[in-house]
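Q: Quick one: the structure is below, and I'll ask about it shortly.
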Amino acid sequence: RLWNRYPDRMSVALARHDAAAGAAVRGQGGEIFKHTGDGFIATFTDAGAATAGMIAYQHALMAQGDDALVELRSRVGIHFGPAEPRDGDWFGPTINQLARLTDLVAPTHVVLSGAAANRLDREAVACDHLGDFTVRDSPDPVPLYAARLDDAVGPALTVSAGRGLPRFQTELIGRNADVEAVLEVLERARLVTVLGFGGMGKTRLAVEVARRWSEARRAQASFVDLSAFDDPMAGICDAIGVGKHHLAGGGGAVEAIAKRLGGSPTLLVVDNCEHVVDAASTACITLIDAVPGISVLATSREALELAAEVIVPLGALSEDASVRLLQQRASLLGAGEVPGPIARRLCERVAGMPLGIELVAARLRQVDPATLADMLDVDLDELRTRRRRGSDEGRGEAGDRHATMRSLVAWSYELLSTDEKTLLLRLSQLPAPWPRHAAQIMSRDLAPSRLDELVAKSLVVPVPAGHLRMLEPIRRFCVELLASEPMRLDHARMLLVDWAHDFVPELPNDEDPVFDVQAARRLVAQLANLRAALTAASATGRHEDEAEILLGLWPLTFDGRARTWFGAQIDDTLSRTTNPSLRRILIRLALQDTTENYVDLAREKHLVSLLREVDPDQTSAEWATVQAGGAVKQIIVDRLLGIEPDATRELLADSVELARSKGRRLDAAMGELFIAHSYLLNGDYDAAIDAAEDAAEGARRVNFEAIAALADATGAMAMQCNGEFT
């Protein structure tokens, strides 16, 4: 940016910068060994020298003052650790960590990692502990310290400490005059509210204002979306970077914010105040009164009603700006150019509202412009009426703070046919992208092609892998609407359960299923939706269906990401399912999980007692799993006590034979694997190799490559111990 703005000055300015940097580094015995575009990396003999050199470097930049051809500001990170020298450069995790750390530092500051700060003489170099922060690619939070510089500006950390400003990939069209108007008001007022109807682009405008304000003043700007917080002050603390460690010393959030900002100029964008308008009003005026350097730019659909508040109303885009925005968005979405007269008609139909224009542009992917304009000619009159009524009546009905945002979704919803509305409500139960098959089952009693109509109207959108999803604001609107109609909700839940029951593979009662890797991946991808179906089955009293759906998820017992949830869900489902056959298989899966992990003996004991209730004669193959689990644990105990495990191994072999006789090939393969381990532990390598081969062969018969691989590894270890290869 500076090169574009000052092409004739930058070469000289950078030469001066490099000279100052080199002098500061050499003055403390350091060496600049690498330049990285806009930065450089230096090594020092110790942390004290590094800190002193970098403080001198920052002072040198600040001291240029009016003599600077271009005002260059720099940020410095200091880290300590080992590195590998190679061809005049240094490599390794320390260098990588330094780069990640420096990304978090605000201009004019010097920030040290805990590893560097711990090697300082604190009496010689004063540092302030900023707290522990998440540094990208670091497994644990990193303690950070700021060296004290009198001429440093603003907080020491940027994005790590706060959320910064959202970034948008498209140009802000038609709002330059509005941006300038808000900037002008911020020159004389510390609390400004951008007030407007939902969909007018208040957030986008406020972020652009904050960006320009921050660049002009070289000051901090932070952003908080209050729709994500019930407590506005908590959201503001999160935005500015006031964490629990800042509040631990007492005082309060306001005092901690004031201390953190230290009087530095800061613009705080508080977005979506209507979500918690009363609490937001209190938080904003409290900050204005208590923190001298802070200014607040709020966005809301209703005023905060504060004496210090200056309101800047945001209206619709002009006709020309509306058409430019529509043409740009249509082009980005691949809809092509819209003929000028039709583009003006479309923009008029949505009253120049940016969000409405976005919706129109999205629909142009499925409907030609002229047809869409005809479709919207009548129905949008009601939207205009709602807008006039909201404008004439001011605040509207008490407590209905979401009405303006909902009106956009409600308008789209009201344009649908009865069947389209019904399907949209049903699909809102699916929290994650779903396969088309789900919508087909949930629309089987509706007119054909309803799903395609929802896609054409952008209420349902395609995503990769051929799946579909609803945009979250639309889904939430539908969830709320469906909850208000119990009969429709129960029917929608029934259909969701039907889909899940059809989607998951059936688990045979008499033998192990063949493991299908692709099917397992499909289950994992749909886990959020399948969990919603399990909840729906429980809520509608379809407990046997709930159990059968859960049984179809049996591959999750071999997926570490889902195993914990799966085990807990089995226990929960067992408490509601009365069918003995289903209970027996659920217990089997739970016992298998327990055997694999060698944990939670109390749970295993409980499961065995449940199994005894459904099979008191102990004739089912599930007892082979119980027997194998007990034998495995006993073998480990025998090994620790130095006892030959022959008798216990016989018990394990009996469990394998029982599993085979019942068609449980997977259980048999796992038993063989445990037998191989027991032989390996006791030095009988030939027997271990034979047992491992049997386990691998049995596992591959049911496509369980994970267990087959474990068996192969066990056999290979036995062969190596036997001296068969090195």
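The values are calculated or read from the model by the stated rules, or taken from the named source; none is laboratory data. What you see is a predicted model; the values in this text were computed from it and never measured. No Cβ is skipped: glycine too gets one built from the backbone with ideal geometry, and neighbour counts run over all protein chains shown. Ligands, DNA and RNA are stripped out before the accessible areas are found, and what is left, the full protein with its side chains, is counted by its heavy atoms. Shrake-Rupley method; radii C 1.70, N 1.55, O 1.52, S 1.80 Å.
Matching residues to (1) farther than 25 Å from Asp654 by Cβ; (2) touching a Ser or Thr at 6+ places or on another chain (Cβ under 8 Å):
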position	(1), (2)
Ala676	no, yes
Gly683	no, no
Asp686	no, no
Phe704	no, no
Met717	yes, no
Glu724	yes, no
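Q: For the stretch 21-50, give me each residue that is basic (Lys, Arg) and either under 37 Å from the mean Cα position of the chain (by Cα) or not in a helix (DSSP H, G or I) (or both).
A: The one that is basic (Lys, Arg) and either under 37 Å from the mean Cα position of the chain (by Cα) or not in a helix (DSSP H, G or I) (or both): Lys34.
Q: Identify the single condition in (1) more than 41 Å from the chain's Cα centre (by Cα); (2) surrounded by 20 or more Cβ atoms within 10 Å (Cβ to Cβ); (3) over 26 Å from Glu705 (Cβ atoms); (4) at pLDDT 75 or above that Thr573 does not satisfy, given that it satisfies every other one.
A: Only one criterion in (1) more than 41 Å from the chain's Cα centre (by Cα); (2) surrounded by 20 or more Cβ atoms within 10 Å (Cβ to Cβ); (3) over 26 Å from Glu705 (Cβ atoms); (4) at pLDDT 75 or above is unmet by Thr573, namely (1).
Q: Quick check: anything in the stretch 443-452 open to solvent by less than 50 Å² (accessible area, probe 1.4 Å), within 16 Å of Leu530 (Cα to Cα), of a type outside the set (Val, Ile, Thr) and not in a loop (DSSP other than H, G, I, E, B)?
A: The answer is no; no qualifying residue exists.
Q: Separate question: Out of all the residues in the stretch 186-222, which are assigned to a strand (DSSP E or B) and out of contact with any helix residue (DSSP H, G or I) (no Cβ under 6 Å at 6 or more places or on another chain)?
A: Those that are assigned to a strand (DSSP E or B) and out of contact with any helix residue (DSSP H, G or I) (no Cβ under 6 Å at 6 or more places or on another chain): Thr193, Leu195, Gln220.
Per-residue answers, yes or no, for (1) modelled with pLDDT under 80; (2) in a helix (DSSP H, G or I); (3) not charged (D, E, K, R):
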residue	(1), (2), (3)
Ser74	no, no, yes
Pro85	no, no, yes
Ile95	no, yes, yes
Leu98	no, yes, yes
Leu120	no, no, yes
Leu130	yes, no, yes
Leu149	no, no, yes
Gly154	yes, no, yes
Ser160	yes, no, yes
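Q: Failed condition for Val209, given (1) buried (at least 21 other Cβ atoms within 10 Å of the Cβ); (2) modelled with pLDDT of 85 or more; (3) under 24 Å from the mean Cα position of the chain (by Cα), with all others met?
A: (3)
Q: Criterion first (modelled with pLDDT of 85 or more, open to solvent by 20 Å² or more (accessible area, probe 1.4 Å), of a type outside the set (S, T, N, Q) and part of a loop (DSSP other than H, G, I, E, B)) does Arg136 satisfy it?
A: Criteria not met by Arg136.
Q: May I pose another question? Out of Leu326, Leu268, report the one residue that is in contact with a helix residue (DSSP H, G or I) (Cβ under 8 Å, 6 or more places away or on another chain), under 30 Å from Asp151 (Cα atoms) and open to solvent by less than 10 Å² (accessible area, probe 1.4 Å).
A: Leu268
Q: Working only within the stretch 702-726, note down all residues that are at pLDDT 85 or above, open to solvent by 50 Å² or more (accessible area, probe 1.4 Å) and touching a helix residue (DSSP H, G or I) at 6+ places or on another chain (Cβ under 7 Å).
A: If the condition is that a residue be at pLDDT 85 or above, open to solvent by 50 Å² or more (accessible area, probe 1.4 Å) and touching a helix residue (DSSP H, G or I) at 6+ places or on another chain (Cβ under 7 Å), then Asp712, Met717, Met719, Cys721 are the ones that fit.
Q: For the stretch 51-69: of the residues being at pLDDT below 85 and assigned to a helix (DSSP H, G or I), which is most open to solvent (accessible area, probe 1.4 Å)?
A: Asp66
Q: For the stretch 231-252, does any single residue satisfy the condition of being closer than 24 Å to Pro354 by Cα, modelled with pLDDT of 85 or more and not in a helix (DSSP H, G or I)?
A: No.
Q: Now for a separate question. What are the residues in the stretch 273-299 that are of a type in the set (S, T, N, Q), surrounded by fewer than 24 Cβ atoms within 10 Å (Cβ to Cβ) and under 15 Å from Phe229 (Cβ atoms), if any?
A: Listed by number, the residues that qualify are Ser281, Thr282.
Q: Filter the stretch 344-377 down to residues that are within 30 Å of the chain's Cα centre (by Cα) and in a helix (DSSP H, G or I), then give me how many there are.
A: Adding up the residues that qualify gives 10.
Q: Failed condition for Ser318, given (1) closer than 27 Å to Leu183 by Cα; (2) within 32 Å of the chain's Cα centre (by Cα), with all others met?
A: (2)
Q: From the list Ala659, Ala668, Ala695, Ala699, pick out the single residue that is modelled with pLDDT under 75 and part of a helix (DSSP H, G or I).
A: Every option except Ala659 fails the conditions.
Q: Then there is this: Looking at the stretch 168-196, which of the residues that are among the charged types (D, E, K, R) and under 21 Å from Ser295 (Cα atoms) is most open to solvent (accessible area, probe 1.4 Å)?
A: Here the answer is Arg188.
Q: Using the structure shown, decide if Leu332 is over 23 Å from Gly315 (Cβ atoms) and either hydroxyl-bearing (Ser, Thr, Tyr) or crowded, with 17+ Cβ neighbours inside 10 Å (or both).
A: no
Q: Here is a further query. Please verify whether the stretch 243-255 includes one or more residues that are open to solvent by less than 40 Å² (accessible area, probe 1.4 Å), under 23 Å from Glu187 (Cβ atoms) and either without any contact (Cβ under 8 Å) to a residue 40 or more places away in the chain or out of contact with any strand residue (DSSP E or B) (no Cβ under 6 Å at 6 or more places or on another chain) (or both).
A: no
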